[in-house]
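The values are calculated or read from the model by the stated rules, or taken from the named source; none is laboratory data. For clarity, every value in this text was computed on a predicted model and none was experimentally measured. A quick note on method: Cβ atoms are made from the backbone with ideal geometry, for glycine too, and the neighbour counts reach across all protein chains shown. In case anyone asks, the SASA skips ligands and DNA or RNA and just uses the protein heavy atoms, side chains included. Shrake-Rupley method; radii C 1.70, N 1.55, O 1.52, S 1.80 Å.
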Amino acid sequence: MSLIKQIEEDLTKRMNDAAIPIERVTLLESKRKDLGDYQLNDAMSLAKVLHKSPILIAEDIKKILEESGYFANVTIASVGFINVSLKEELLIDFVNNYYNSDDKDVDVLENKKIFLDYGGANIAKTLHVGHLRSANIGEALKRLTKRLGQEVICDVHFGDIGRQSGMVIYEIRNRYPNLNYFTEEESNNWDELPITAKDLEEIYPVASLKAKEDKNIMEEVRLITKELEEGKPNYVALWDKIKKISIEDIKEVYKKFNTDFDLWEGESDCYSYMGPMIENLRNQGYLQKSEGAEVIEVREDTDKAPMPDLVVVKSNGATLYATRELATMVSRVERFNPDEMWYLTDLRQGLYFEQVFRAAHKTKIVSDDTKLSFFGFGTMNGPDGKPFKTRDGGALSLKSLLAEVKEEVTAHSHNLEKEPNKEEIIEQIAVAAIKYADLLSNRTTDYIFDPKKFVDVEGKTGPYLLYTTIRMKSLLKKAKENNLNYEKYTSITDEVEKELITLLLNKNKILHKAYDTKELNVISDYLYQLTSTYSKFYEKCHVLTENNKNTQENWLLLTKNVYDTNVELLSILGIEIPEKM
């Protein structure tokens, strides 16, 4: 158990034994470090319960705090706020335990199995900036959840069926009509496709524009899509080849952003579950007729706004995205039986997921014990405050975004000219700049990404965090080369050391707060605070030239603790640390 949690639980018991009804003592980080490292605000909330003034209650609490033996000082502010600072020997023991332990003062959660759906890439379409937040936030949530001891299964959930498939097949047929996919005969030896992933990036936009401008082409696309969904062997074989080309390219892009999935499945993977599910829903009486369609009523008496029925089968007998969503849930429950399922997309899909979740619970596709959660996010915009676009107005691809940021990094990386792996380092820095800027913003708000601002090593940026972390590593390497050992922390010699130790004490709460709220900016802010405090320490405390060997050993060990923490948190955010900068 983390040190702060141990103290809080012990204090809670002491308070309750003394008839002070505090449900849980919470040590809040103080905004006034001159008064104390932490504060307790319970006296005010207990005034009405105990029918006593906050000051008198604070005096009773103060006595218990002083008797606990944890604190160097306990003071009461005028209105009943209590300020405390931990004893120095407690802080020293914490630094040593942190250095020697594997858990690094992190409390794990009760084990659960979490199914996480994020990514949402579409087959035959290029990954663009609209996919960035889902990849970054989802990957970081996965890593954080695993760090806190949960089992996580994640799925990219491709959009691999629908109108875009008909459009791509139409355009390939238009360009290469002699391929054997376009005969009426089936084959055991289908032609190789004369296209690459780069060709696919161009094929879909061209086909889409043609279909919008010509209703006859759109009708052709609809027919192809229908035949594909009905399982026409020629089109299924062709689409499988297209999917393979596209998925390999998508995987490469995700890999550049340090994003990976356990499952690379798509909507079409639920097809074997869909027919039996629909039949079961009919037999159980969950599907109701509405204007020729079949729907599930999901309204509840407590609704304060209109809640539309969820359409499962259209009037023409076709299924919808929601049908496939429910069938995918059937598949996931049957194969994995998760305790929770989390869905991560942009905020605009909030109503849709509320409908699907209600339908899933109502129809018993998902049991009442299985928690379904939607975590929406805002958009990433350019320096002009508008969504990132290419010069011709299209969505900017993630490849192009990365290339643009790499150009900015290159312009600031003259010291890497002679590095043999210069390109790899520049890409790592660029990815760190993009990911940190993305995760620094509140999940639910839009934010502006300015490449020039976020590659700066002087600001609140990914490159700054990398630069300072590499500097810590270099310091520790030089210490080793000079046979400077560090095994034990014995004393605090400077106030900035205490600041660092207090920040390390807060790490566990930060990770759990990020998990509870699904807000990665909590970790991003904390990481910057820890790193900038270390920079202050580095400038003030000249570790390698310190003459007092005991002090030098203390500073090296503290540096190692901060370095390990930076590595841990950057990894949670999906950011790799290059060897040099």
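For the pairs Lys314/Lys362; Lys255/Lys406; Lys112/Lys371; Lys210/Lys399, note any where the Cα-Cα span goes beyond 18 Å.
Table pairs above 18 Å Cα-Cα are Lys314/Lys362; Lys210/Lys399.
Search the structure for amide H atoms under 5 Å from the amide H of Asn73, placed 1.01 Å from N in the peptide plane, and list their residues when 5 or more places away or on another chain.
Ser85
Among DSSP beta bridges lying fully in the chain, give the percent that are antiparallel, nearest 5.
Of the beta bridges lying entirely in the chain, close to 50 percent run antiparallel.
Scan region 208-259 for GluC sites (Glu not before Pro) in coil per DSSP, keeping those whose Cβ has at most 10 other Cβ atoms within 10 Å, and list them by number.
Glu230
Rounded, prolate or oblate, given the Cα gyration tensor of region 34-113, with a/c below 1.5 counting as rounded?
Oblate, because a/c is 1.5 or more while a/b does not exceed b/c.
May I ask for log10 I(q)/I(0) of region 536-580 at q = 0.34 Å⁻¹, from a Debye sum over the Cα atoms as equal point scatterers with solvent left out?
Normalising to I(0) and taking log10 leaves -1.13.
Normalised by the residues of the chain, what does the relative contact order come to in percent, with Cα pairs under 8 Å and at least six apart?
Answer for the chain is 14 percent.
Let me know the Kirkwood hydrodynamic radius for region 449-581, please, with Cα pairs as the basis and the value in Å to one decimal.
In region 449-581 this quantity evaluates to 15.6 Å.
I need the semi-axes of the equivalent ellipsoid of region 286-416: take the C-alpha gyration tensor, multiply each eigenvalue by 5, square-root it, list largest first in whole angstrom.
Equivalent ellipsoid of region 286-416: 40, 19, 15 Å, largest first.
Answer rounded, prolate or oblate for region 134-286, using the Cα gyration tensor with square roots of eigenvalues a ≥ b ≥ c: rounded when a/c is under 1.5, else prolate when a/b is larger than b/c, else oblate.
oblate
Hey, which of these cross-link pairs are over 28 Å Cα-Cα: Lys226/Lys435; Lys87/Lys435; Lys212/Lys386?
Listed pairs above 28 Å: Lys226/Lys435; Lys87/Lys435.
Need the C-alpha centroid separation for region 451-470 versus region 1-66, integer Å.
Going from one Cα centre to the other spans 39 Å.
Using only Cα atoms, locate the centre of region 141-164 and the centre of region 102-119, then give the distance between them in Å, rounded to an integer.
So the separation of the two Cα centres works out to 14 Å.
Using the Karplus equation 6.51 cos²θ - 1.76 cosθ + 1.60 (θ = phi - 60°), what ³J(HN,Hα) coupling, rounded to whole Hz, does each residue of region 278-284 give in order, writing x for Gly and Pro?
So the J values, rounded to whole Hz, are 4, 4, 5, 4, 5, 5, 7.
Is the C-alpha gyration tensor of region 144-233 telling us rounded, prolate or oblate? Criteria: a/c under 1.5 is rounded; beyond that, a/b larger than b/c is prolate, otherwise oblate.
It comes out prolate by the Cα gyration axes.
Within straight cross-link reach of Lys13, meaning Cα distance under 14 Å, which aspartates and glutamates are found once same-chain residues fewer than 8 apart are removed?
Glu23, Glu67
So how much accessible area does Asp42 have, in Å² to the nearest 10, using a 1.4 Å probe?
We get 30 Å² for Asp42.
Express the relative contact order of region 489-536 as a whole percentage, based on alpha carbon pairs under 8 Å and six or more residues apart in sequence.
Relative contact order of region 489-536: 39 percent.
Tell me which trypsin sites (Lys or Arg not before Pro) from region 353-418 have a DSSP coil assignment and no more than 10 other beta carbons within 10 Å of their own.
Of the trypsin sites (Lys or Arg not before Pro), the ones in loops of region 353-418 whose Cβ has at most 10 other Cβ atoms within 10 Å are Arg391, Lys418.
For Asn100 and Lys452 in the same chain, what is the full-extension length gain: residue separation times 0.36 nm, less their Cα-Cα distance, in nm?
Answer, rounded to one decimal: 122.7 nm.
Pull up all non-local amide H partners of Leu35: gap of 5 or more, or a different chain, and H-to-H distance under 5 Å with H placed in the peptide plane.
For Leu35, no residues qualify.
Around Gly166, what is the net charge, scoring Lys/Arg as +1 and Asp/Glu as -1 over all other residues with Cβ under 11 Å from its Cβ?
Surrounding charge for Gly166 is -1.
I'd like the GluC sites (Glu not before Pro) in region 475-545 restricted to DSSP loop residues with at most 16 other Cβ atoms within 10 Å, sorted by number.
Within region 475-545, the qualifying GluC sites (Glu not before Pro) (loop, at most 16 other Cβ atoms within 10 Å) are Glu487.
Once both labels are modelled 7 Å past Cα along the beta-carbon direction, what's the Arg24-Glu417 spacing in nm?
5.7
As a test of the definition: which semi-axes, in Å, follow for the chain when you take the square root of five times each eigenvalue of its alpha carbon gyration tensor? Largest first, please.
Working from the Cα gyration tensor, I get semi-axes of 52, 33, 19 Å.
Please work out how much accessible surface Leu263 shows to a 1.4 Å probe, ignoring ligands, DNA and RNA, in Å² rounded to 10.
So the heavy atoms of Leu263 present about 30 Å² to solvent.
Using alpha-carbon pairs under 8 Å, 6+ residues apart, how would you state the relative contact order of region 326-478 in percent?
21
Where the Cα atoms of region 205-357 are projected onto their three principal axes, how long is each span, largest first, in whole Å?
Ordered largest first, region 205-357 gives principal extents of 47, 43, 30 Å.
Which cross-chain or sequence-distant (5 or more) residues have an amide H under 5 Å from the amide H of Val152, H modelled 1.01 Å from N in plane?
Answer set, sorted by chain and number: Ile114.
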